[in-house]
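Undergrad: One structure, pasted below without further comment.
Please treat every number below as a calculation from the coordinates, not as lab data. Worth saying up front: this structure is predicted, and the values here are computed from it rather than measured. Note: ideal-geometry Cβ built from the backbone for every residue, glycine included; neighbour counts use all protein chains shown.
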Amino acid sequence: MVVKTNLEVKKMDKEYEWLMQHPEEEAKYRGECIVVVGSNIVAHGKDSKKVLEEAKKYSDKPLIAYVPEEEVLIF
């Protein structure tokens, strides 16, 4: 079981919030994994292992997300 501290959750919340407020940035990377650190996409690519390796250069706990190739509507 992984337990996150409040500070870790707040950091991820900030990055997640930035990502949700900037769909135009996310849309640039359709079909890829992206890494958000602060208010920047610092790494991206189709190979999730390589993206994770690159992400570790920027943060030990980055926000990593997969951007679907097509828009997904969630009800």
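Undergrad: Is the shape of the range 6-67 rounded, prolate or oblate, going by the alpha carbon gyration tensor and its root eigenvalues a ≥ b ≥ c, with a/c under 1.5 for rounded and a/b larger than b/c for prolate?
TA: In terms of gyration-tensor shape, oblate.
Undergrad: With an 8 Å Cα cut-off and a minimum separation of 6 or more residues, compute the relative contact order for the range 6-67 in percent. Before the final figure, lay out the partial values.
TA: Working: 80 pairs, mean separation 21.1, N = 62.
RCO, the range 6-67: 34 percent.
Undergrad: Could you calculate the FRET efficiency of TYR16 with TYR66 from 1/(1 + (r/R0)^6), where r is the beta carbon distance between them and R0 is 22 Å, rounded to 0.05? Show your work: numbers first, answer last.
TA: Numbers: r = 14 Å, r/R0 = 0.62.
That gives a FRET efficiency of 0.95.
Undergrad: Provide LYS57, LYS14 in ascending order of the number of other Cβ atoms located within 10 Å of each residue's Cβ, fewest first. Walk me through the intermediate numbers first.
TA: Details: LYS57 11, LYS14 14.
Ascending Cβ contact count within 10 Å gives the list LYS57, LYS14.
Undergrad: Run the numbers for LYS50 and GLU25: contour at 0.36 nm per residue of separation, minus the present Cα-Cα distance, in nm. Write out the running numbers ahead of the final one.
TA: Details: separation 25, 0.36 × 25 = 9.00 nm, distance 2.04 nm.
Contour length minus Cα-Cα distance gives 7.0 nm.
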